[in-house]
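Following: one structure in structure tokens, then a few remarks.
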Amino acid sequence: MTSTTVSARSATRKPTNRRRSADAGAGGAWFLVLPALIPILVLSVGPLLYGIALAFTDAQSGRTAATQWVGLLNFRDLAHDGLFWESFRIGLLWAVGVTVPQFLLALGLALLLNQKLRLRWLARALAIIPWAMPEVVVGIMWRLVYQPDAGILNETVRNLGLGDGRDWLTGLATALPAVIVVGVWAGMPQTTVALLAGLQNTPRELHQAAAIDGAGAWRRFTTVTWPALKPVALAITALNFIWNFNSFALVYVLTNGGPGGRTRLPMLFAYEEAFRYGQFGYAAAMGCVMVAVIAVCLAFFLVGRLREGDGK
């Protein structure tokens, strides 16, 4: 056997060995991902698919007859359900009303905590306390703050001579703004942490160079800080909008959707239809509409990020 023949055979074997190594590596990677993938499939993807399928049935609680496939009937009924679309409008007001001030206040707090202050570590620890508290605990605490007779807020109003106070959570005009204030307070820490991380990744040399060039604080913010912070700001704002639109526990504890449905968010409406009135199929259709809205919001965000990336 000549050396040329041996070389030719070894050359043909190398790609096969490489393919086998690649296949083995892919199998090993899937094996490592499975522990994280299985809970997602079982706890997220599975219930989502089941809920979508349930939206096309007439499933009800306590029903003795077999569940029937009704097609788009639930969605047709939902299209003419004025109460649901009113809750949808309230949900959008709530999501925007919480997300915008949440971001602005968190940005100011992050800029402050990024400065070289005394006891800065303590200020940062105190700033994230609301984030560490469960939403139910936050709701109960703020119910005590808004309590009409002995709440801190009304006591402060009386002491300042501004009136006798009011029942903030049951007033038709004050219930939604009062709940929005709680939502801003509860969600601001996570936004602050994200923005603070973005600020700390901004090179200080750029700020120093801008200051040497005579740029003031506002000019340095618009030309140095904001461009570096913009990707983080857009991402956290999109996530906050989604989280706020899907809020349930906080508003449920504070007002349970009252008074007169003024704080009934879409998630609360779906919960009532499912577990108070037993209309599981109809509630699942509401869930599908909310998932579609969130998917559209994510699509706009991702398209914008892709266009921004292509423009660079």
> Which of the peptides 226-235, 96-105 is most tightly packed, and how do the rest follow, going by the mean number of other Cβ atoms within 10 Å of each residue?
Replying inline: 96-105, 226-235
> Taking the structure as given and computing Kirkwood radius over Cα pairs in Å, which label from (1) 20.8; (2) 22.2; (3) 24.1 fits?
Replying inline: (3)
> Residue-wise, which Karplus ³J(HN,Hα) couplings in Hz belong to the range 202-210, taking 6.51 cos²θ - 1.76 cosθ + 1.60, θ = phi - 60°, and x for glycine or proline?
Replying inline: 7, x, 5, 4, 5, 5, 5, 5, 5
> If Lys and Arg each add +1 and Asp and Glu each add -1, what is the summed charge of the other residues whose beta carbon sits under 12 Å from the beta carbon of ARG204?
Replying inline: +1
> How large is ³J(HN,Hα), in whole Hz, for each residue of the range 219-235 in order, when computed from phi with the Karplus curve 6.51 cos²θ - 1.76 cosθ + 1.60 and θ = phi - 60°, using x for Gly and Pro?
Replying inline: 5, 5, 5, 6, 9, 10, 5, 5, x, 6, 8, 4, x, 5, 5, 5, 5
>> Could you give me D for the range 18-161, from Stokes-Einstein at 4 °C and 1.567 mPa s, where the hydrodynamic radius is the Kirkwood radius over C-alpha pairs? Units µm² s⁻¹, please.
In response: 58 µm²/s
>> Given a Förster distance of 35 Å, report the FRET efficiency between ASP213 and ARG118 from their Cβ-Cβ distance, rounded to the nearest 0.05.
In response: 0.75
> What order, most packed first, do the peptides 78-91, 121-134, 249-262 have when packing is the mean number of other Cβ atoms within 10 Å of each residue?
Replying inline: 249-262, 78-91, 121-134
> In what sequence, highest mean first, do 166-173, 43-50 appear when ranked by Cβ atoms within 10 angstrom?
Replying inline: 166-173, 43-50
> Using alpha-carbon pairs under 8 Å, 6+ residues apart, how would you state the relative contact order of the range 203-284 in percent?
Replying inline: 15 percent
>> Let me check against my output: what whole-number percent is the relative contact order of the chain, with C-alpha pairs under 8 Å and at least 6 apart?
In response: 27 percent
> What are the residues whose amide H is under 5 Å from the amide H of GLY258, where those residues sit 5 or more places off or on another chain and H is modelled from the backbone?
Replying inline: THR263
>> Which residues among the range 253-290 fall inside the zone where the amide N is under 20 Å from a point 7 Å beyond the Cα of ARG166, along Cα→Cβ?
In response: 254-264
>> I want the local charge near LEU73. Using Cβ-Cβ distances under 14 Å, sum +1 for each Lys or Arg and -1 for each Asp or Glu among the other residues.
In response: -2
> Percent relative contact order of the range 28-182, based on C-alpha pairs within less than 8 angstrom and at least six residues apart?
Replying inline: 11 percent
>> If I take all pairs of Cα atoms in the range 88-158, what percentage of them are more than 15 Å from each other?
In response: 72 percent
>> How much of the pair distance distribution for the range 27-87 lies past 20 Å, counting alpha-carbon pairs only, in percent?
In response: 53 percent
>> Leaving out ligands, DNA and RNA, and with a 1.4 Å probe, what % of the accessible surface on the range 65-106 is carbon or sulfur?
In response: 72 percent
> For a paramagnetic label modelled at 7 Å from the Cα of LEU92 toward its Cβ, which residues of the range 281-308 fall within the zone defined by backbone nitrogen distances under 16 Å?
Replying inline: 289-298, 300
> Check THR57: other-chain or 5+ apart residues with amide H under 5 Å from its amide H, H built from backbone geometry?
Replying inline: VAL70
>> Can you give me the % of accessible surface on the range 124-275 that is carbon or sulfur? Probe 1.4 Å, all protein chains present, nothing else counted.
In response: 64 percent
>> Of PRO39, TYR271, PHE88, which is farthest towards the positive pole of the chain's charge dipole, taken about the Cα centre with +1 and -1 on the beta-carbons of Lys, Arg and Asp, Glu respectively?
In response: PRO39
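The values are calculated or read from the model by the stated rules, or taken from the named source; none is laboratory data. As the structure is a prediction and not an experimental result, all values here were calculated from the model. Cβ: placed from backbone, ideal geometry, glycine included. Neighbour counts: every protein chain shown. For accessibility, only protein heavy atoms count, side chains too; no ligands or nucleic acids. Shrake-Rupley method; radii C 1.70, N 1.55, O 1.52, S 1.80 Å.
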